[in-house]
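A.B. asks: Below is one structure. I have some questions about it.
What follows draws every value from the coordinates through simple rules; no lab data is involved. No experiment lies behind these values; they were computed from the predicted model shown. Counting neighbours? That spans all protein chains shown, and the Cβs are built from the backbone with ideal geometry, glycine included.
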C-alpha cells in the first residue's frame, strides 16, 4: 500500500513538475515571441520613420535648391533686363543728345553763315550805292 501511495505521490509530483515545466516553457516562449515581435515592430517603425524623414529631407533640399536656382535665374534675368533697358535708355538719350547737338550746331552754322552772307551782301550793296550816286551826279 505504501508503494502504491508513494508511486501515486511520485506520479503526482512528476505531473505537477511536468505541468510547471510546460507552463514555464509556455510563458518563456510567449515572452520570447512577444519581445521578438515588439523588437521587430520597433525596428520596422524606426526604419519607416528614418526613410520618411530622409525622403522628406531630400524633398525639402530639392525644393530649396530648385527654389534657389529659380530665384537666382529670375534675379539674373531681371538684372540683365534692367542692364539692357538701362543701356538702351542711355544709348537712346545719348543719341538724342547727339542729334540735338548736331541739329543745333547745324542751325547755328547755317544761321551764322546766312548772317555772314547777308552782311557781305549788304556791305557789297553799300559799296555799290555810292559809286552809282557819283555816276548820276
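A.B. asks: Between residue 80 and residue 10, with labels modelled 7 Å along Cα→Cβ, what's the label distance in nm to one decimal, could you check?
C.D. replies: Result: 10.2 nm between the two label points.
A.B. asks: Set the Förster distance to 41 Å, then compute FRET efficiency between residue 25 and residue 46 from the Cβ-Cβ distance, nearest 0.05.
C.D. replies: 0.85
A.B. asks: Right, here's the next one. Helix 2-136 versus the longest principal axis of the chain: what angle, 0 to 90°, nearest 10, using Cα atoms?
C.D. replies: 0 degrees
A.B. asks: More than 17 angstrom separation, counting every C-alpha pair in the chain; what % is that?
C.D. replies: Beyond 17 Å sits 85 percent of the P(r) for the chain.
A.B. asks: Shifting gears a bit: Provide the gained length on full extension for the span residue 65 to residue 126, in nm with one decimal, where the gain is 0.36 nm per separating residue minus the Cα-Cα distance.
C.D. replies: Going from the current span to full extension adds 13.1 nm.
A.B. asks: Note down the nm distance, to one decimal, between modelled labels 7 Å out along Cα→Cβ at residue 89 and at residue 34.
C.D. replies: Between residue 89 and residue 34, the label points sit 7.9 nm apart.
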